[in-house]
Amino acid sequence: MSEHTHQPDSGRSRDLPMARSMCWHCQSEMTGEYFCGRCVKVQPLSKELDYFTCLNLPRKLNLDEQALEETFYALSRSFHPDYYATKDEGEKAISLGNTALLNTAYRTLKDPVQRAEYLIRLEAGSAKDIRTSPPADLFDEILELQEDLEEFRSLSAGESDARRQELLEKLQAERQALEARKAQMESRLREQFGRWDALPADGDVTVQAQKDAVLTGMQEILSNRTYVKNIVNDLVAATSPTGDDGRNIWH
Amino acid sequence: MAYSEKVIDHYNNPRNMGSFKKDEEGVGTGIVGAPECGDVMKLQIKVEEDTIVDAKFKTFGCGSAIASSSLATEWLKGKTVDEAGQIKNTEIVQELNLPPVKIHCSVLAEDAIKAALNDYKKKADTEGETEEAATPA
């Protein structure tokens, strides 16, 4: 196979942050492509490369899924370790490193929740910079439900069947209500996606303030969603007929 | 990932699991959560004459969060309110040998202690005020 066949669309020149400004092999200057223009050797992706840039997508939340797939598959082919099996160790290592980064980037951007979490981290520097107020009412609700769950788990089938049945019905109803709430949170998250995408990429203080408001709003929904998701998982595990109480200490 | 012996021990034999009535005299309640993992922790202290005479917790989360709060209740007993405020998450990390990815569990325990102490102080202040108001000088 010729070395040119697995190159991505090199007609488009992209401004990509590479690990080095010179080709590691022939020392010629790099123009921000994945392959050296002179010796055609694969170049290592910079660890600082953000996932949107890596997959050639704008930093938007309602992203073009088809474009994501296409770029991912094209780049996967160009970096695939199979093509480098006969190359030297340096190229093999670059192929592996690039493939790993590309896979993580793709997985993160494909999932809407992970995509939002990633964008928040990217924009806020670190998610910890965005502080949302703890949802006290939700905590109370969760603690109360967990108490019921504990009682339910402690009652073995056969004895206190009436109480067990009563709790089971209550917990199943709560589970449905919470699943509906989780779905509602996800649609509210989608609304924030639209708000984010409508804002310009760069702007003055007003734009920055609007951006911060959307990021904080998303962070709040995401945090509350995580609490709800956990309790729903516990409810599903405990009230499903498999018998496994579903508690997992390894998460 | 392997947990340390101490974490496993606290997970299997949690100390002071349970709760007090929130409105009981001298009780301070702290409820906190970790938005990254969704763990929820409730930690309560019972104070008599500025000393924590009892502490209880309920944690719904991973083994490290349970162990961190279990250990915290052990440490809280017998401490004064001020001493309790000095407990640092790094001490919990050290005692339990928590790996870097589980440090946030110890932070959660420290936050829970602070929240419980604040709740106690707030309650003590308002109780003091009503007592003063009730007993004319």
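With a Förster radius of 51 Å applied to the C-beta separation of A:N103 and B:K22, the computed FRET efficiency comes to 0.60.
Under 5 Å between amide hydrogens, built in the peptide plane, is the criterion, and for B:C37 it picks out nothing among residues at least 5 positions away or on other chains. Here the protein assembly as shown is assigned +1 on the Cβ of each Lys and Arg and -1 on the Cβ of each Asp and Glu. Its dipole about the Cα centre then comes out at about 1380 debye.
Loop-resident trypsin sites (Lys or Arg not before Pro) (DSSP state other than H, G, I, E or B) in segment B:68-109 with no more than 14 further Cβ atoms inside 10 Å of their Cβ: B:K88.
Near the amide H of A:L61, within less than 5 Å, lie the amide hydrogens of A:D197, all on another chain or at least 5 residues away, with H placed in the peptide plane. Residue separation of A:D161 and A:D50 scaled by 0.36 nm, minus their Cα-Cα distance, works out to 34.4 nm of gained length.
The residues packed around B:N12, meaning those with a beta-carbon under 12 Å from its beta-carbon, carry a net charge of 0 if Lys and Arg are +1 and Asp and Glu are -1. About the centre of its Cα atoms, chain B shows a dipole size close to 600 debye [charges on the beta carbon of Lys, Arg (+1) and Asp, Glu (-1) only; nearest 20 debye].
Accessible surface calculations at 1.4 Å, restricted to protein heavy atoms, place segment B:23-93 at 35 Å² per residue. Ordered by 1.4 Å accessible area with all protein chains kept, B:E49, A:E191, B:E95 run largest first as B:E49, A:E191, B:E95. Remark: spin-label model distance B:N118-A:V205 equals 2.9 nm, labels positioned 7 Å along the Cα→Cβ axis. A Förster radius of 41 Å, combined with the Cβ-Cβ distance separating A:A85 from B:K88, puts the computed FRET efficiency at roughly 0.20.
Here's the picture: a label point sits 7 Å out from the Cα of A:A198 along the beta-carbon direction, and within segment A:218-235 the residues with their amide nitrogen under 17 Å of it are A:218.
Can you work out ³J(HN,Hα) from phi for every residue in segment A:199-208, in order, using Karplus 6.51 cos²θ - 1.76 cosθ + 1.60 and θ = phi - 60°, giving whole Hz and x for Gly and Pro? For segment A:199-208, the Karplus-derived couplings read 7, x, 4, 10, x, 7, 4, 4, 4, 4 Hz, x marking Gly and Pro.
Computed from point charges on the beta carbon alone (+1 for Lys and Arg, -1 for Asp and Glu), the dipole magnitude for segment B:1-62 about its Cα centre is near 260 Debye.
Of the listed residues B:K58, B:K46, the order by accessible area with a 1.4 Å probe, largest first, is B:K46, B:K58. Within the assembled protein chains, the solvent-accessible surface assigned to A:S21 is about 90 Å², based on a 1.4 Å probe. Of all lysines in the structure, the ones whose alpha carbon falls short of 24 Å from that of A:K47, not counting any fewer than 8 places away in one chain, are A:K60, A:K87, A:K92, A:K110, A:K128. Residue order by solvent-accessible surface for A:R225, A:R107 is A:R107, A:R225, largest first, with ligands and nucleic acids left out and a 1.4 Å probe.
Cβ screening of the protein assembly as shown for cysteine pairs under 4.7 Å finds these without a partner: A:C54, B:C37, B:C62, B:C105. Here segment B:6-34 and segment A:33-88 have alpha carbon centers that stand 50 Å from each other. If you take all other residues with their beta carbon under 13 Å from the beta carbon of A:R115, and give Lys and Arg +1 and Asp and Glu -1, the sum is -2.
For the protein assembly as shown, the 222 nm mean residue ellipticity estimated from helices alone, with every DSSP H stretch of n ≥ 4 adding -39500 (n - 2.57) and the total spread over all residues, rounds to -18500 deg cm²/dmol.
The values are calculated or read from the model by the stated rules, or taken from the named source; none is laboratory data. Only a predicted model underlies this, so the values are computations on that prediction, with no experimental measurement involved. Using ideal geometry, Cβ is built from the backbone for each residue, glycine included, and neighbour counts are taken over all protein chains shown. When the accessible area is computed, the model is the full protein with side chains, heavy atoms only, and any ligands, DNA or RNA have been set aside. Shrake-Rupley method; radii C 1.70, N 1.55, O 1.52, S 1.80 Å.
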